[in-house]
Each structure stands twice: as structure tokens, then as C-alpha cells.
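Enquirer: The following block contains the structure, expressed as C-alpha cells.
Just so you know, all these numbers are worked out from the coordinates, no wet-lab data involved. Quantities reported herein were computed from a predicted structural model and do not represent experimental measurements. A quick note on method: Cβ atoms are made from the backbone with ideal geometry, for glycine too, and the neighbour counts reach across all protein chains shown.
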Amino acid sequence: MKQYVVDAFTDHVFAGNPAAVCVMDKWLSEDVMMKITCENNLSETAFTVKEGDRYHLRWFTPGGEIDLCGHATLGTAYVIMNFIEPELTKVSFDTMSGELIVERKGDLYEMDFPAYELKPVDVTEDIVDALGVTPKAAYMGRDCLCILEDESQVRNLKPDMDKLLKTEGLLMHVTASGKDYDCVSRSFAPKLNVTEDPVCGSGHCHIVPYWADRLGRNEIKAYQASKRGGELYCTVEGEHILMAGKAALYSEAEINIE
């Protein structure tokens, strides 16, 4: 079986967020897909099968299947539109989060994602203890979003992963206003056996709505300030986010499955 590894939200390898992408003729068992995911040991492995004129897409982390993943969706669309069906400029995916559409626009791949509704929550002692700093505010969607004082606080953060397991939300995102970007952020996912997600698309379904509301405009240029780093070009349209990024192919491989 062919597998691609794509660095998403960047235009060069060794940056952005790597996702493994398996385009298959038919579904494998969940057990085998989990074994492939754990063998890859990346934050996400995407599995997709074409059904009619659309693709069914599933995302797996080393901790299990999840309901939404931005960078692996971008990576899958990049593979399909460059190696599987290069005549396509748009791909529709059926997913656990409904229909997701990715459109190629020059060197950008634009995804139409649902925005998470954010509800203010208390900054708890568990949050402060886990992050090592006191956020200005906290919000909850699928994940927890914490607002920090400034960009340097985001970049220098060294959270305690064991203590993050005790906090609410699937992932923990921290964000602040940026100097060269509208916002900077980092994303941590120890509950999914991922210490830090280099560039988290679904995380920006929390981060971007916050900054769009805060800044009073719907176009947000975001930077994920992980060690690898990545850029996201986002537009809020009602309850949806158009999230665009670039991609670079790292590898192609043959997986040998008995």
C-alpha cells in the first residue's frame, strides 16, 4: 500500500506539521489502521477511500481516532490533487465532522471547516499548575483555549504534560497577539499521546474565531509557534472558517501489510 508523508502549512520540508496519508481501494480494519498510525508515530495518519465522486476520510492519532484534523486533511487533499487525480482542483471529503471541501488556489489549499463555539470558563488551579503561567482568560470548545499575555509567553511555555491530562478539553491551546502575525499559538495533546502538535488545524477552529471577534475582522493570518512552525491564512464566514495553507511532500513509501 502506498503511503505519503506531507508537511502541511509550510512550503518546505522539515517545517509545518507532518501527516502520513494512505489512499486506499478499500478500508482496512481499525486494528490495522491503528497499528500503522503507531508505527508512523506522527501526530496524525489519514486514511481515505474514494466512494462515488467523494472521498471518505478518517484521522487517527497514536491515541485513537479523532473527529477533526486540519493538517492531515490538507495533506490528503495535496496528495489526491497532485498524485492520485491531478486534474482536480477541489476535493470533497465525508468525515466524522460532516462534509469537508478543500480547494486548490495557486500554491494554497483552502479548507472549509466548522468553527467551534467558544464558551468562557474559569481559569482553574489545574490549568495554572499545568501551564506554569496564569492565562488572562480561558474558553472551551472541543478543546481548551487559553489566552496568554504576549507572544514571548507563548513561545517560552513549558507545560507539564502529566498535569495537562487533568485539565478539561481534548487538547490545550495557548495563544496571544503576534508581532508579525495577527496571533501566535501552540497546541498540546497528551491525551492523544502527542506532546505538542506542530501546527494544529482543528485548534485554529478555536483560535481564529476568538481573534476574529477580538480584532473585529474576519481575515486572520496565524502562526503556530512550535519548533517546526507553520502559517495559516484564515477567513471566518459565519459558522465556518476558510483555512488555507501550503504543503510540501516529504516522502513516498510502500507499506508491506500481510
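Enquirer: Under 10 Å, Cα contacts only: if you run a Gaussian network model on the chain, which one of Asn82, Asn17, Asn40 comes out with the highest mean-square fluctuation?
Expert: The residue with the greatest mean-square fluctuation here is Asn82.
Enquirer: Shifting gears a bit: Using Cα centres only, tell me the gap between region 63-83 and region 181-258 in whole Å.
Expert: Measuring centre to centre over Cα atoms gives 12 Å.
Enquirer: Helix 70-79 versus the longest principal axis of the chain: what angle, 0 to 90°, nearest 10, using Cα atoms?
Expert: The angle comes out at about 30 degrees.
Enquirer: Let me ask another. Label points 7 Å out from Cα along the Cβ direction at Asp129 and Leu215: separation in nm?
Expert: Output for this residue pair reads 3.6 nm.
Enquirer: Mind giving me the FRET efficiency for His56 and His240? R0 is 22 Å, r the Cβ-Cβ distance, nearest 0.05 is fine.
Expert: Numbers: r = 21 Å, r/R0 = 0.94.
Using R0 = 22 Å, I get an efficiency of 0.60.
Enquirer: Please build a GNM for the chain, connecting alpha carbons under 10 Å apart, and tell me which residue among Glu39, Glu149, Glu99 fluctuates the most.
Expert: In the Gaussian network model the winner is Glu39.
Enquirer: About the Cα centre, and with charges only on the beta carbon of Lys, Arg (+1) and Asp, Glu (-1), how big is the dipole of region 176-258? Nearest 20 debye, please.
Expert: I would put it at about 440 debye.
Enquirer: In addition: Near Lys2, which aspartates and glutamates are there with a Cα under 12 Å away, not counting those fewer than 8 places off in the same chain?
Expert: Asp25, Glu252, Glu254
Enquirer: Within 10 Å of each candidate Cβ there may be at most 13 other Cβ atoms; applying that plus a DSSP loop requirement, which trypsin sites (Lys or Arg not before Pro) in region 148-236 survive? Write down the numbers at each step before the final one.
Expert: Details: sites: Arg155, Lys163, Lys166, Lys179, Arg186, Lys191, Arg214, Arg217, Lys221, Lys227, Arg228; in loops: Lys166, Lys179, Arg217, Lys227, Arg228.
Counting only loop positions with at most 13 other Cβ atoms within 10 Å, the trypsin sites (Lys or Arg not before Pro) in region 148-236 are Lys166, Lys179, Arg217, Lys227.
Enquirer: Pairing the Cα long axis of helix 30-40 with the longest principal axis of the chain, what angle in degrees results, from 0 to 90 and rounded to the nearest 10?
Expert: It works out to around 70 degrees.
Enquirer: Which of Ala244, Ala19, Ala130 ends up with the largest GNM mean-square fluctuation for the chain, with Cα atoms connected below 10 Å?
Expert: Among Ala244, Ala19, Ala130, the largest mean-square fluctuation in the Gaussian network model of the chain belongs to Ala130.
Enquirer: Please list log₁₀ I(q)/I(0) at q = 0.07, 0.15 Å⁻¹ for the chain, using the Debye equation with identical point scatterers on the alpha-carbon positions.
Expert: Values returned for q = 0.07, 0.15 Å⁻¹ are -0.22, -1.02.
Enquirer: Just from its helices, what would the mean residue ellipticity at 222 nm be for the chain, if runs of 4 or more DSSP H residues each count -39500 (n - 2.57) and the sum is divided by every residue, rounded to the nearest 500 deg cm²/dmol?
Expert: Values: 6 runs with 53 residues, N = 258.
The per-residue figure over the chain is -6000 deg cm²/dmol.
Enquirer: Let me ask something additional. Do the alpha carbons of any pairs in Lys119/Lys166; Lys50/Lys221; Lys158/Lys179 sit beyond 25 Å of each other, and which pairs? Could you put the intermediate results ahead of the total?
Expert: Values: Lys119/Lys166 19 Å; Lys50/Lys221 32 Å; Lys158/Lys179 21 Å.
Beyond 25 Å between Cα atoms: Lys50/Lys221.
Enquirer: Once Rh for region 126-201 is found with the Kirkwood sum over Cα pairs, what is the Stokes-Einstein diffusion coefficient at 20 °C and 1.002 mPa s, in µm²/s? Could you put the intermediate results ahead of the total?
Expert: Numbers: Rh = 12.3 Å.
The Stokes-Einstein estimate is 175 µm²/s.
Enquirer: Please go through region 70-139 and write out the trypsin sites (Lys or Arg not before Pro) that DSSP classes as loop and that have at most 14 other C-beta atoms within 10 Å. Let's see the in-between values first.
Expert: On the way: sites: Lys90, Arg104, Lys105, Lys136; in loops: Lys136.
For trypsin sites (Lys or Arg not before Pro) across region 70-139 that sit outside H, G, I, E and B with at most 14 neighbouring Cβ atoms in 10 Å, the list reads Lys136.
Enquirer: Using alpha carbons only, how many degrees (0 to 90, rounded to 10) separate the axis of helix 201-215 from the longest principal axis of the chain?
Expert: It is inclined by approximately 40 degrees.
Enquirer: Could you give the alpha-carbon Rg of region 1-76 over 2.2 N^0.38 Å, rounded to two decimals? Walk me through the numbers on the way to the answer.
Expert: Values: Rg = 11.8 Å, N = 76, 2.2 N^0.38 = 11.4 Å.
Computed over Cα atoms of region 1-76, the ratio equals 1.04.
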